[in-house]
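These notes are about the structure you will find just below.
Every number in this text was worked out from the coordinates using simple rules, so none of it is lab data. Owing to the predicted nature of the structure, the values given are computational and were not obtained by experimental measurement. Positions of Cβ are backbone-derived with ideal geometry, glycine not excepted, and every protein chain shown enters the neighbour counts.
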Amino acid sequence: MTLTAKVVSGNEVRVPDPQAGEVTVISRYGKERAMLVHPDDFHRLDELDRMLAEAAELPSLEPTHEALRAHLEEGAPGEPITDPAALAELFG
Amino acid sequence: MSPPLGHCYWALAPFAPAPPFRIYQEGAAPRPVGSVEAFTEAARKGASEFVLLTPVKARPVLVITDVLPEHDEVLALRLRRFEKLATEAERERVREGSDPGLFHLEPDRFRGLPVENAAIISSLLRLPAAALDRRSSLGALEDNELRALHERIARVHRLRLDKLVLERAQSLLQRAQRKR
């Protein structure tokens, strides 16, 4: 899931100064409620997330003219054997 | 009986039904139907199953999955004989792995095939296991070849595997974090 950044003015909230490489965990009733990360760390994580998504996307593979021809010709029926005598000889 | 994954076998492979569709009729000549829309209209009237006369061909195929036990089916690819490729240069491209749509089958490992062949990456077939003649394997791919083949199939069919890969990567990351 790609991260989205929600901007809140520094005047509206009071948060401790984030340090690079350090995450401040804000907990409530013993549970993790929010995490405060330094902008450098956030952008690094966001970049890693995007790179992972890009790496996971398979580049499409365009078939060559020869492969398309093989697909069409081998996928098209030829002359089926329908002669009863020939079928009797083959299958008894 | 050898496991089918990665092996080549003789099989009875159907061609995809195409218009004019020919419906089998008891005691009468097949009834041609020119388009799929006529079947849709019939289905809306409550009649949706018919016996269609579909051509089939006895041919070697390359099986690319194990037998799905719930359905007793496999996925397989049709083959292209090298002599049918347009030029010697094209044959060389396929041998080198430079044609992404044709996967070379090394003659040394596919001794049951009378001539050199390539698997057609885009020609995915779903076959009942009973349509494979598994009395003898005509040859088999190495495990690394099978992985490369699967990757090409996913790419040529533009299968969206990104979410799967991401979830797997995220789960591995979480596991690594828990170990710390």
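Quick notes
- Looking at segment B:128-180, the GluC sites (Glu not before Pro) that sit in a DSSP loop and have at most 11 other Cβ atoms within 10 Å of their own Cβ are B:GLU142.
- Charge dipole magnitude, Cβ of K and R +1, D and E -1 - chain A, Cα centre, debye nearest 20: 1000
- As a proxy for reagent exposure, B:TYR24, B:TYR9 were ordered by neighbouring Cβ count within 10 angstrom, fewest first; the result is B:TYR24, B:TYR9.
- Whichever lysines have a C-alpha closer than 21 Å to that of B:LYS57, once near sequence neighbours (fewer than 8 apart) are set aside: B:LYS84
- Annotation for segment B:87-158: trypsin sites (Lys or Arg not before Pro) lying in DSSP loop with at most 12 further Cβ atoms inside 10 Å of their Cβ are B:ARG111, B:ARG135, B:ARG158.
- Tilt relative to chain B, helix B:162-179 - C-alpha long axis, 0 to 90 degrees, to 10: 30
- Within chain A, the longest segment free of exposed loop sites, counting GluC sites (Glu not before Pro) that fall outside DSSP classes H, G, I, E and B and have at most 16 other Cβ atoms within 10 Å, spans A:58-92.
- Listing B:VAL33, A:VAL8, B:VAL63, B:VAL56 from fewest to most neighbouring C-beta atoms within 10 Å gives A:VAL8, B:VAL56, B:VAL33, B:VAL63.
- Computed helical MRE - 222 nm, chain B, DSSP H runs ≥ 4 contributing -39500 (n - 2.57), nearest 500: -8500 deg cm²/dmol
- Sequence-distant residues sharing a close amide H with B:GLU73 (under 5 Å, placed H): B:LEU68, B:ALA129
- For the protein assembly as shown: Kirkwood Rh in Å [reciprocal of mean 1/r, alpha carbons]: 23.8
- 16 Å Cα-Cα reach of B:LYS45 towards aspartates and glutamates, excluding residues that sit fewer than 8 places from it in its own chain: B:GLU37
- Taking GluC sites (Glu not before Pro) across segment B:17-101, the ones in a DSSP loop with at most 11 further Cβ atoms lying within 10 angstrom of their Cβ are B:GLU26, B:GLU49, B:GLU70.
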